[in-house]
Amino acid sequence: PQVCWLAPEQTAGKQKPYMYTQGQAVLNRSFFPCFDTPSVKCTYSATVQVPEGFTAVMSATSWEKQKDNTFIFKMSQPIPSYLIALAVGDIVSADVGPRSCVWAEPCLIEAAKKEYDGVIEEFLAVGEKLFGPYVWGRYDILFMPPSFPFGGMENPCLTFVTPCLLAGDRSLVDVIIHEISHSWFGNLVTNATWGEFWLNEGFTMYAQRRISTEVYGLAYTCLEAATGRALLRQHMDNTGEDHPLNKLRVVIEPGGQMIPEGFPFFLGVNPDDTYNETPYEKGYCFVSYLAHLVGDQNKFDVFLQAYVNQFKFQSITADDTLGFFLEYFPELKEKGVDSIPGFEFDRWLNTPGWPPYLPDLSPGKQLMRPADELAELWATNSLNMEAIEAVDISAWRTYQLVYFLDKVLEKSPLPEGNVERLSKMYPKISKAQNAELRLRWCQIVLKNNLEAEYSKVKDFLQSQGKQKYTLPLYRAMWGGSEVARTLAMETFSATAPQLHVNVQNYVRKILGLK
């Protein structure tokens with residue numbers, strides 16, 4: 001399941017086949033023999049021979065091409081098995097910074113260079129200032145074929161990303177900031193078990209938002225964090241707050257509460273099936289709570305550097321992290337901050353539900369308020385067109401539009417006729433090429449049964465195979481009208497071959513197919 005072989009029609013160029021590997025969480029055991037657990041780290045080297053006209057790339061600190069189209073790779077730093085990755089295809093590279101290049105199929109390389117030229121180095125430099133030296137040498141990016149199921153995969157030295165990031169306006173670079181942040185949190189300091197995935201993702205979300213605050217300011221970062229909080233809210237509403245997945249320490253064991261009904265009792269659980277927003281956004285809230293306990297951003301930044309330095313190249317548990325936190329701040333340990341009623345560290349880790357503490361996102365209000373008010377106007381029975389036309393959204397950044405659409409979706413279905421008018425009024429939204437906007441517009445179309453625009457849902461699902469975009473839309477279609485269910489079946493039978501096998505299986509589950 002780990003080695004993905006793509007036919008030419010599944011690539012952007014549609015001329016040559018392509019292959020890539022995806023190791024996280026426990027799939028690299030099907031690629032090479034290994035201790036396939038994040039608790040073990042090692043260096044590696046590889047020799048890869050490919051046919052003429054193809055290039056091989058790996059998550060390695062050095063690579064050289066020899067005769068007979070043979071590539072030699074070496075990773076000189078110890079990494080967990082899930083970070084060893086290989087891709088082979090008709091790919092070329094272009095420099096975008098002193099230690100960075102973009103790799104892509106020839107038809108995408110210009111767009112990739114334009115989108116990322118100069119920005120990567122800025123993010124790396126801020127990351128180093130905040131969290132300490134970048135130890136991996138190069139930071140390159142590989143733009144994957146459209147069927148790649150993730151936004152990004154933080155393979156060291158060579159992040160794999162979805163081509164959806166080529167929005168043409170640099171509006172989705174926060175995904176790259178996220179993957180860069182993994183260079184410290186996840187790749188350098190790693191969760192020892194997948195049940196404590198928040199150690200990778202909660203810290204990375206925190207680091208991403210620290211970098212974003214330095215580069216784009218607090219208001220914008222709070223707005224982005226508000227859209228993250230909305231995703232957590234959606235997830236918890238879907239599963240119920242007390243679902244065992246909604247705690248930071250998840251039991252991924254037979255006999256734990258994680259077994260889906262009808263599973264043979266002797267089967268283990270695939271950590272991938274526990275993947276959800278909780279380790280990201282609830283994890284982010286817990287790290288923010290630790291910063292809140294310290295009460296001084298600068299002091300907490302210095303603590304994060306010490307934390308990375310203490311545990312670099314190691315795999316650790318939450319107990320290691322929290323133990324180090326309390327040792328580092330003895331005055332907090334003295335005060336017993338780990339057992340403040342309602343905010344006990346144990347409760348954070350082991351009780352499912354909404355985070356006990358939410359960081360203050362009010363600096364984003366100046367960007368949120370106009371979006372809140374506009375969504376309100378569109379949700380009324382008789383539209384006040386004068387008030388609506390007075391709001392100019394032409395200068396809104398992507399995350400303001402995303403926030404606005406999230407609010408419209410919350411208020412959907414809107415009164416009769418409103419969505420049609422909204423669609424006509426804002427072609428910037430209803431005809432957007434930006435994947436984050438397309439996802440939300442498709443969700444709004446489905447929630448409001450706007451059959452006239454159902455074709456947009458099918459088009460979007462045909463254009464890419466990212467799991468975070470694909471599954472919510474199939475859930476929405478399957479939970480909708482007969483027409484929407486038919487659309488789901490038709491779209492799936494047309495696109496199934498171009499989807500990653502995991503995503504195919506998750507969609508089959510949603511549609512009740514074997």
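Would you mind calculating the gained length between residue 425 and residue 272 on full extension (0.36 nm times residue separation, minus the Cα-Cα distance), in nm to one decimal?
On the way: separation 153, 0.36 × 153 = 55.08 nm, distance 4.08 nm.
This chain segment gains 51.0 nm when fully extended.
Using the Karplus equation 6.51 cos²θ - 1.76 cosθ + 1.60 (θ = phi - 60°), what ³J(HN,Hα) coupling, rounded to whole Hz, does each residue of region 186-201 give in order, writing x for Gly and Pro?
x, 7, 9, 10, 10, 5, 6, 9, 6, x, 10, 4, 4, 5, 6, 8
Rounded to the nearest 5, what % of DSSP beta bridges with both residues in the chain are antiparallel?
Details: 30 of 40 bridges.
Just about 75 percent of them are antiparallel.
If you keep only loop residues by DSSP, which trypsin sites (Lys or Arg not before Pro) in region 1-91 have at most 15 other Cβ atoms within 10 Å of their Cβ? Walk me through the intermediate numbers first.
Values: sites: 14, 29, 41, 65, 67, 74; in loops: 14, 67.
Counting only loop positions with at most 15 other Cβ atoms within 10 Å, the trypsin sites (Lys or Arg not before Pro) in region 1-91 are 14, 67.
With each run of n ≥ 4 DSSP H residues scored as -39500 (n - 2.57), what mean residue ellipticity at 222 nm is computed for the chain after dividing by its residue count and rounding to the nearest 500 deg cm²/dmol? The partial results should precede the final answer.
On the way: 20 runs with 224 residues, N = 514.
So the helix-based figure for the chain works out to -13500 deg cm²/dmol.
What are the GluC sites (Glu not before Pro) within region 334-388 that DSSP puts in a loop, where the Cβ has at most 16 other Cβ atoms within 10 Å?
Details: sites: 334, 344, 373, 376, 386; in loops: 344.
Qualifying residues, ordered by number: 344.
Multiplying the sequence separation of residue 55 and residue 489 by 0.36 nm and subtracting their Cα-Cα distance, what value in nm do you get?
Length difference between fully extended and current span is 152.5 nm.
Specify which labelled value, from [x] -0.43, -1.15; [y] -0.54, -1.02; [z] -0.28, -1.02, agrees with log10 I(q)/I(0) by the Debye sum over Cα atoms at q = 0.06, 0.11 Å⁻¹ derived from the coordinates of the model shown.
So the calculated entry is the one marked [z].
Taking amide H positions as placed in the peptide plane 1.01 Å from N, state which residues far from residue 71 in sequence (5 or more) or on other chains have amide H under 5 Å from it.
Correct list: 48, 49, 50, 66.
Please list 3J(HN,Hα) in residue order for region 63-71, calculated via the Karplus relation 6.51 cos²θ - 1.76 cosθ + 1.60 where θ = phi - 60°; whole Hz, with x for glycine and proline.
Per residue, the Karplus-derived 3J(HN,Hα) values read 8, 9, 9, 10, 5, 6, 6, 10, 10 Hz.
When only alpha-carbon atoms are used, what values of Rg and Dmax, in angstrom, describe region 349-421?
When restricted to Cα atoms, region 349-421 yields Rg and Dmax of 15.4, 51 Å.
Report the Cα centroid-to-centroid distance between region 127-177 and region 1-56 in angstrom, as an integer.
18 Å
In Å², and per residue, what accessible area does the chain have when probed at 1.4 Å with the other protein chains present? Don't skip to the answer; put the middle values down first.
Working: 21180 Å² over 514 residues.
Using a 1.4 Å probe on heavy atoms only, each residue of the chain averages 41 Å².
Find the centroid of the Cα atoms in region 277-343 and in region 359-435, then give the distance between the two in whole Å.
37 Å
What ³J(HN,Hα) values, in whole Hz, does the Karplus curve 6.51 cos²θ - 1.76 cosθ + 1.60 give for region 21-32 when θ = phi - 60°, with x put for Gly and Pro?
10, 9, x, 6, 9, 10, 9, 5, 4, 8, 10, 7
Please report the projected area of region 365-511's Cα convex hull averaged over all directions, in nm².
Mean projected area of the Cα convex hull: 8.6 nm².
Run down the lysines and flag those whose C-alpha is under 17 Å from the C-alpha of residue 411, throwing out any fewer than 8 positions away in its chain.
Straight-distance partners of residue 411: 447.
Below 17 Å, Cα to Cα, which lysines can residue 129 reach? Residues fewer than 8 away in the same chain don't count.
Once the sequence-local lysines are set aside, what remains near residue 129 is 299, 312.
Which cross-chain or sequence-distant (5 or more) residues have an amide H under 5 Å from the amide H of residue 142, H modelled 1.01 Å from N in plane?
Answer set, sorted by chain and number: 103, 159, 160, 161.
Reported to two decimal places, what Rg/Rh ratio describes region 1-130 when computed on Cα atoms with Rh from the Kirkwood expression?
Details: Rg = 16.0 Å, Rh = 16.3 Å.
The Rg/Rh ratio comes out at 0.98.
The values are calculated or read from the model by the stated rules, or taken from the named source; none is laboratory data. These numbers were taken from a predicted model, which means no experiment stands behind them. No Cβ is skipped: glycine too gets one built from the backbone with ideal geometry, and neighbour counts run over all protein chains shown. Accessible surface is based on the protein model in full, side chains and every heavy atom, while ligands, DNA and RNA are left aside. Shrake-Rupley method; radii C 1.70, N 1.55, O 1.52, S 1.80 Å.
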